Every structure is written in C-alpha cells, then in structure tokens.
1. Please find the FRET efficiency linking ALA204 to LYS2, where r is the Cβ-Cβ separation and R0 is fixed at 25 Å, and quote it to the nearest 0.05.
2. For a quick protection proxy, order the peptides 100-109, 234-243 by their average other-Cβ count within 10 Å, most packed first.
3. When we measure straight from the Cα of LYS121, which lysines land under 22 angstrom away, once same-chain ones fewer than 8 places off are left out?
4. To the nearest 20 debye, what is the magnitude of the charge dipole of the chain about its Cα centre, counting +1 on the Cβ of each Lys and Arg and -1 on the Cβ of each Asp and Glu?
5. Please give the contour-minus-distance gain from GLU281 to VAL134: 0.36 nm per residue of separation, less the Cα-Cα distance, rounded to one decimal in nm.
6. Pick out, from SER324, HIS284, VAL300, the residue whose Cα sits farthest towards the positive end of the charge dipole of the range 279-366, with +1 on the Cβ of Lys and Arg and -1 on the Cβ of Asp and Glu.
7. List the residues, sorted by chain then number, that are 5 or more residues from ILE322 or on another chain and whose placed amide H is less than 5 Å from its amide H.
8. What is the extension gain from HIS313 to TYR249, computed as 0.36 nm multiplied by their sequence separation minus the C-alpha to C-alpha distance, in nm to one decimal?
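The values are calculated or read from the model by the stated rules, or taken from the named source; none is laboratory data. Quick caveat, the model's predicted, so the values are computed rather than measured. Cβ atoms come from the backbone with ideal geometry, glycine included; neighbour counts cover every protein chain shown. Please note that ligands, DNA and RNA were not included when accessible areas were found on the heavy atoms of the full protein model with its side chains. Shrake-Rupley method; radii C 1.70, N 1.55, O 1.52, S 1.80 Å.
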Amino acid sequence: EKDGFDHYMLKEIYEQPRALQSTMTGRIDEAGEHILLSDLKLTPEDVRGIDKIYIVACGTAYHAGLIGKHVIESLAHIPVEIDVASEFRYRRPLFKGKTLTIVVSQSGETADTLAALREAKRHGSAVLAITNVVGSSIAREADHLLTTNAGPEIAVASTKAYTSQLVAFYLLGLYLAEGRETVSSQERAALIADLRKLPEQVEAILAHAEEIHAFARSIQDEGHLFFIGRGLDYAVALEGSLKLKEISYIHSEAYAAGELKHGTLALIEEGTRVIALSTQEQLHEKMVSNITEVKARGAVVLGIALEDNVELHRSVDEVCLIPSTHSLLTPILSVIPLQLIAYYTSVALGNDVDRPRNLAKSVTVE
Ligand code: M6R
C-alpha cells in the first residue's frame, strides 16, 4: 500500500502534484478566469460584508494559516487574525461585526480546533472549515466546507495536507477578492495561470531530490540548526523547522531573518548550519545581508531560492533552486525541499519516520 515507497511520508511527498491538482479540480472555470466555490454557502452579500477573519488551527495546519492570512489580506483586503487553537479557545477573542472564522485541520478531529470552532459559533461567527476528511467532526459542524481532497494522509508528519491547504487558501483568497472587487480580472487570471502550473513545478523539484539528499547528509550530526526567512518565507521556515524536529529529533529554530540581531545571532558559531529561504523579490536584498551576517559568524548556509536569483546564489554555500512563480505562490514550491530534508535526515538517523516518538496523527485530546 506504500506503492513501492519505503515510507508513507515519502509516498505522500510524491503525491503532492496529484493532490494539488485535485484540490483545484472543479474550482476553476475552463477559461481560467474565475474561481468556483459553489461548495461554500456564502452569498455575494456575505462575501462583501465580512469585517474580519480569524484563522485558527494547530501545528502544520496553523502554518498553512499563516500563509492564508497573508494571501487573504493581500488579495481580498480583509483584516485577518490568526491563532493557535489551544490559545484561541481560552483567550476570549473579540467578535465584533461580521466575523468569519476559518478553521484548518487535515483530520477534522483535532480537539482544540474543534473546540475553537464551537467557541466561534457560540459567539455568532460563521465558520468555514478547510479539511481533508469529509465526514469529520469539524466538517460536520462548520457552516461552510472547503475540502482539500488530497487523499488519505497516513504519515504523522503532514506534507500533502499542508500544500493542499495552501491551494485552498489561494482559491478562497481569489474568490473573496472577486466578490469584493479588490483584484483586477487580469491579475486574477495571471495568478490562476500560475496556480495551475504548480503541480508540474512540484514534479520538477521532486525530480532533483538527490541534491537535497546530499544536504541532509551534512546536517544529520548537527546538534541544532536555523531556518531563516522574511514574509511568506518566514512562515515556510516555521513549517520546515517543525518537520525536521518532528521526525529527525534535531533541534531547530525558525527565525524571521530581521530578528536575528535581537538575540539569536549569539547562537551562530563556526559551522552552524542555516537554511535561508529567499523567494520574495522585494526582500532579496535584505536576505542577502542577513545571510552575510550569519556567514560572518561562521555559519554554513543552504539557500532555497528562485532560479533567477543570481545574487543569492553567490552569497550562500549551497543552493537549492525552485522554479519561478507568482510571489504569493512560492510556499508550495519552497516547502518541498524542506520536507525532503526532514525525511532524508530522519531515515539516515534510523528513526521511525512515519510514527515519530511521542506523537499521534490525530490529536483528539487536549
Ligand atoms: O489534523 P490536523 O490538521 O488538525 O492536525 C494538526 C496538527 O496536529 C498536525 O498538523 C501536526 O502538527 C503534524 N504532525 C505536523 O506534521
């Protein structure tokens, strides 16, 4: 049932092109101009009337939500607040005006996320669930359902669920933007065209998995490492760091690159491995200076960069290139090498990749 792969996690990593495709299926018109989300029961008035959005989730789904916040704010111009479900449910969030609460959960059974959903409903907020499991508790209790259709995810470490949740956020962001007329039709069509190219671009990255294997070998004996990035890259850094900790048991930290100077730089010494993501053109220069800063303290840097970003290539020790796409869509591509780094490191260390210690696939208790 692993289709010839050694582990479910690797199988699920390689299933991503198909999973992304199926999240999109039936939700984009043939001309590639409009998003069709008839599964949602939102009326045009509902879409125009949203004053605020909460995104609530745990773990990897929370990391998808961080990207979702950025996407919805930049496309639909709606303020979005994001919270970890176990915090949200106990912090008495304010529900003023028309609030839409988006809960994100692969399994649809995570106890804290379900409790957050109920809390939001109790305050009169409409709830939209992004989930992979159609008959789950979260799917049943939400007012609006956006399924990711990624197929079953067995490995504890989430991979295809994350990237398909990102696709769901792109579709939702574009859909809300169309209803609120915040994006021109040309811009929307261009973004949709790039969205449709993602499955084959992921395929292209997977075809070069060997290069990433080599880097994973170089970190397996490290005591700790850093992931750094800015903007969307910072959100992806958090996901890469979680994935590595979860299955390799190597400690890592994800840092907003501009925060390094505020304490973390003290931990960089000769030979410290740093994975630096730089996919956001307007932030390239800033990232190059952050990379220079860590290298000056002896760090060995692996850059994850767009193929045409020559300046970054020169500033790092090794580079992993990803194909060019719209700046909002890069997380789907840049996370792939990070998933593979975590996977290969875990295998090299002889860990139980699919069932890491102390963790469960679905956290149904608090
Ligand atoms: O099923 P959910 O998406 O609600 O699960 C949330 C987290 O428990 C989950 O994403 C967890 O962080 C993963 N094991 C990370 O790989």
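1. 0.60
2. 100-109, 234-243
3. Answer for LYS121, where 22 Å is the Cα cut-off: LYS41, LYS52, LYS69, LYS96, LYS98, listed by chain and number.
4. 1060
5. The span from GLU281 to VAL134 would gain 49.1 nm if fully extended.
6. VAL300
7. Counting only residues 5 or more places away or on other chains, the set is ALA305, LEU306, GLU307.
8. Length difference between fully extended and current span is 20.1 nm.
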